[in-house]
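Enquirer: The structure is given below, and queries will be raised subsequently.
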Amino acid sequence: MLNKELVSLLNDQINMEWYSAYLYLDIYNYYTDQNLNGFGNWFYIQTQEERDHAMLFMQYLLNNSEKVVLQDIKASNMLFHDFREPANAAFEHEKKVTASINNIYAAAYEQKDFRTMQFLDWFVKEQGEEEKNTEDIVKRYDLFGNDAKGLYLLDSELAARVYMPPSLVL
Ligand SMILES: [Fe+2]
């Protein structure tokens, strides 16, 4: 049995991960519509990763005989005015996800719930990568994106990303 507050936080995190998947789908749609298929590819894979995160949180609750309560997923429907905005929105969003994971970790720590802390360790590390990866896209866009050839090369670079299933096994 897990602490009730922790179960509630973990259920909310499932929703946040699905929302992340939705947000990145929105970004995928934007870039693909703008013919930046490499940027689109990068965010399509990001959507797949977020879905994986949601499933991992769900499976963790199930493995601990806790009830999963699925919640409505909000559509982001963001309006983007330039190519930089979606990447920056992703970076800003990842910082919020990190804060949320840290908050669950703090609650687990308070409960001396070492199993949940160990489960969350993977996500703590993952969030470090998510923040860096999204920030890198913003920085590289600022460096190279304002020139047509630079943008083309950056788009080609992002087109090379391939989906890798999460390394965490429950
Ligand atoms: Fe995530």
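The values are calculated or read from the model by the stated rules, or taken from the named source; none is laboratory data. Keep in mind that what you see is a predicted model, and the values were worked out from it rather than measured. Glycine gets a Cβ as well: all are built from the backbone with ideal geometry, and neighbour counts include every protein chain shown.
Enquirer: Any residue at all in region 102-118 that is more than 30 Å from Glu5 (Cα to Cα), more than 16 Å from the ligand (Cβ to nearest atom) and in a helix (DSSP H, G or I)? Before the answer, list the steps.
Expert: Of region 102-118, the ones more than 30 Å from Glu5 (Cα to Cα) are none.
Checked against the condition, which is being more than 30 Å from Glu5 (Cα to Cα), more than 16 Å from the ligand (Cβ to nearest atom) and in a helix (DSSP H, G or I), region 102-118 yields no hits at all.
Enquirer: Could you identify the single residue in Phe123, Phe119, Phe114, Phe83 that is within 17 Å of Ser167 (Cα to Cα) and either over 12 Å from the mean Cα position of the chain (by Cα) or free of Cβ contacts under 8 Å to residues at least 12 places away in the same chain (or both)? Before you say what the answer is, go through the steps one by one.
Expert: On the way: Phe123 fails: either over 12 Å from the mean Cα position of the chain (by Cα) or free of Cβ contacts under 8 Å to residues at least 12 places away in the same chain (or both); Phe114 fails: within 17 Å of Ser167 (Cα to Cα); Phe83 fails: within 17 Å of Ser167 (Cα to Cα).
Every option except Phe119 fails the conditions.
Enquirer: For the structure I just gave you, tell me whether Ile73 is of a type in the set (A, V, I, L, M) and either touching a strand residue (DSSP E or B) at 6+ places or on another chain (Cβ under 8 Å) or closer than 17 Å to Asp155 by Cα (or both).
Expert: Considered against the rule, which asks whether it is of a type in the set (A, V, I, L, M) and either touching a strand residue (DSSP E or B) at 6+ places or on another chain (Cβ under 8 Å) or closer than 17 Å to Asp155 by Cα (or both), Ile73 comes out as no.
Enquirer: Inspect all residues belonging to region 147-168 and state whether any of them is under 17 Å from Gln13 (Cα atoms), polar (S, T, N, Q) and in contact with a helix residue (DSSP H, G or I) (Cβ under 9 Å, 6 or more places away or on another chain).
Expert: Within region 147-168, none of the residues are under 17 Å from Gln13 (Cα atoms), polar (S, T, N, Q) and in contact with a helix residue (DSSP H, G or I) (Cβ under 9 Å, 6 or more places away or on another chain).
Enquirer: What about Phe91, is it aromatic (Phe, Trp, Tyr) and in a loop (DSSP other than H, G, I, E, B)? Before you say what the answer is, go through the steps one by one.
Expert: Numbers: aromatic (Phe, Trp, Tyr): yes; in a loop (DSSP other than H, G, I, E, B): no.
The answer is no for Phe91.
Enquirer: I would also like to ask the following. Consider Glu126 carefully, then state whether it is touching a helix residue (DSSP H, G or I) at 6+ places or on another chain (Cβ under 6 Å), of a type in the set (D, E, K, R) and closer than 21 Å to Phe39 by Cα.
Expert: Numbers: touching a helix residue (DSSP H, G or I) at 6+ places or on another chain (Cβ under 6 Å): no; of a type in the set (D, E, K, R): yes; closer than 21 Å to Phe39 by Cα: yes.
Considered against the rule, which asks whether it is touching a helix residue (DSSP H, G or I) at 6+ places or on another chain (Cβ under 6 Å), of a type in the set (D, E, K, R) and closer than 21 Å to Phe39 by Cα, Glu126 comes out as no.
Enquirer: Here is a further query. Can you tell me which residue is nearest to the ligand (Cβ to nearest atom) among those in region 33-66 that are hydroxyl-bearing (Ser, Thr, Tyr) and over 20 Å from Glu135 (Cα atoms)?
Expert: Restricting attention to region 33-66, the residues satisfying the condition of being hydroxyl-bearing (Ser, Thr, Tyr) are 44, 47, 60, 65.
Pick out the ones that are also over 20 Å from Glu135 (Cα atoms) and you get 60, 65.
On the way: Tyr60: 14, Ser65: 24 Å.
Only one residue fits best here, namely Tyr60.
Enquirer: Additional query: If you check Ala21 against the conditions, is it closer than 28 Å to Arg140 by Cβ, among the small types (Gly, Ala, Ser) and either away from the ligand (no atom under 13 Å from the Cβ) or touching a strand residue (DSSP E or B) at 6+ places or on another chain (Cβ under 8 Å) (or both)?
Expert: Numbers: closer than 28 Å to Arg140 by Cβ: yes; among the small types (Gly, Ala, Ser): yes; either away from the ligand (no atom under 13 Å from the Cβ) or touching a strand residue (DSSP E or B) at 6+ places or on another chain (Cβ under 8 Å) (or both): no.
For Ala21, the condition - closer than 28 Å to Arg140 by Cβ, among the small types (Gly, Ala, Ser) and either away from the ligand (no atom under 13 Å from the Cβ) or touching a strand residue (DSSP E or B) at 6+ places or on another chain (Cβ under 8 Å) (or both) - is not met.
Enquirer: Let me ask something else. Tell me whether region 70-88 contains one or more residues that are crowded, with 20+ Cβ neighbours inside 10 Å and at pLDDT 95 or above.
Expert: So in region 70-88, the residues crowded, with 20+ Cβ neighbours inside 10 Å come out as 86-87.
Checking which are at pLDDT 95 or above leaves us with 86-87.
Yes, region 70-88 has at least one match.
Enquirer: Within region 24-32, identify whether any single residue is among the acidic types (Asp, Glu), within 11 Å of the ligand (Cβ to nearest atom), closer than 19 Å to His93 by Cβ and part of a helix (DSSP H, G or I), and answer yes or no. First the steps, then the outcome.
Expert: Let us first name the residues in region 24-32 that are among the acidic types (Asp, Glu), namely 26.
Filter once more, keeping what is within 11 Å of the ligand (Cβ to nearest atom): none.
No, region 24-32 has no match at all.
Enquirer: In region 58-74, how many residues are assigned to a helix (DSSP H, G or I) and among the aliphatic types (A, V, I, L, M)? Before you say what the answer is, go through the steps one by one.
Expert: Our first condition is that a residue be assigned to a helix (DSSP H, G or I); within region 58-74, this holds for 58-63.
Within this subset, residues satisfying the condition of being among the aliphatic types (A, V, I, L, M) are 58, 61-62.
Qualifying residue count for the region: 3.
Enquirer: Being among the basic types (Lys, Arg) and within 16 Å of the ligand (Cβ to nearest atom) narrows it down to one residue among Lys139, Lys96; which is it? Break it down stepwise before answering.
Expert: Values: Lys139 fails: within 16 Å of the ligand (Cβ to nearest atom).
Result: Lys96 is the single residue among Lys139, Lys96 that is among the basic types (Lys, Arg) and within 16 Å of the ligand (Cβ to nearest atom).
Enquirer: Whether any residue in region 128-140 is hydrophobic (A, V, I, L, M, F, W, C), exposed (fewer than 15 other Cβ atoms within 10 Å of the Cβ) and within 18 Å of the chain's Cα centre (by Cα) is what I want to check. Steps first, answer last, please.
Expert: Narrowing region 128-140 to residues hydrophobic (A, V, I, L, M, F, W, C): 137-138.
Cutting the leftovers down to exposed (fewer than 15 other Cβ atoms within 10 Å of the Cβ) gives us none.
There is no residue in region 128-140 that is hydrophobic (A, V, I, L, M, F, W, C), exposed (fewer than 15 other Cβ atoms within 10 Å of the Cβ) and within 18 Å of the chain's Cα centre (by Cα).
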